[in-house]
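K.L.:
Structure below; questions to follow.
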Amino acid sequence: MKVSGRCHCGNISYEAEIDPARVTMCHCADCQMLTGSAYRANVQAPRESFVLYGGQPTIYVKTADSGTKRAHAFCPRCGTPIYSAATSDPPFYSLRIGCLDQRHQLRPSRQIWCRSALPWSMNVEDIEKLDRQ
Ligand SMILES: [Zn+2]
Ligand SMILES: [Zn+2]
């Protein structure tokens, strides 16, 4: 599936090819902190399909407890997270579905790092729902 995305301010945009059956929610503490939210929803795009337009993202290299380093790209103007990837020769770019124009068609098929999930985030069915704020 062809997808297009952009950061909030429009400085950076991109296109990629993804498998819509492979959207993942990540409840790890790093994703909670780096998104400022309860979890992150990602989908991987093969390197050869990923094309960036516009400005250059800023890269933050995150080191996991395991020592694994990962490059996190974000817009230097608006801070929108663009992707994460291996620090060298990445086979995939992990795109954040909230930035994709096709996000309403993308439903996660698995959740990882559930042991660090915020308890409420595992079931939001009974939380009050309003169409607007
Ligand atoms: Zn931006
Ligand atoms: Zn995570």
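K.L.:
Dividing the alpha-carbon radius of gyration of the chain by 2.2 N^0.38 Å (N being the number of residues), what value is obtained?
P.N.:
Dividing the Cα radius of gyration by 2.2 N^0.38 Å gives 1.06.
K.L.:
Here's another thing I want to ask about it. What residue among N123, N11, N42 has the largest mean-square fluctuation in a Gaussian network model of the chain, using Cα springs under 10 Å?
P.N.:
Fluctuation is largest for N123.
K.L.:
Extending each Cα 7 Å along its Cβ direction at C114 and Q133, get the distance between those two points in nm, one decimal.
P.N.:
The two pseudo-label positions are separated by 3.3 nm.
K.L.:
If you bin every alpha carbon distance in region 4-46 into 5 Å steps from zero, what whole percent lands in each bin?
P.N.:
Percent of Cα pairs in each bin: 5, 20, 18, 22, 26, 9.
K.L.:
Please list, in chain and number order, the residues 5+ apart from I82 or on another chain whose amide H is under 5 Å from its amide H, with Hs placed from the backbone.
P.N.:
A73, F74, C75
K.L.:
Within the chain, what is the longest stretch that has no GluC sites (Glu not before Pro) placed in a DSSP loop and near at most 15 other beta-carbon atoms within 10 Å?
P.N.:
1-124
K.L.:
In addition: Among rounded, prolate and oblate, which fits region 20-89 when a ≥ b ≥ c are the square roots of the eigenvalues of its C-alpha gyration tensor, a/c under 1.5 means rounded, and a/b larger than b/c means prolate?
P.N.:
Rounded.
K.L.:
Quick check: the distance between the Cα centres of region 74-103 and region 1-73, to the nearest angstrom?
P.N.:
If you average the Cα positions of each part, the centres end up 3 Å apart.
Readers should treat all values here as calculations from the given coordinates under stated rules, not as data from a laboratory. Computed from a prediction, not measured in an experiment: that's the story for all the values here. Neighbour counts run over all protein chains shown; Cβ positions are idealised from the backbone, glycine included.
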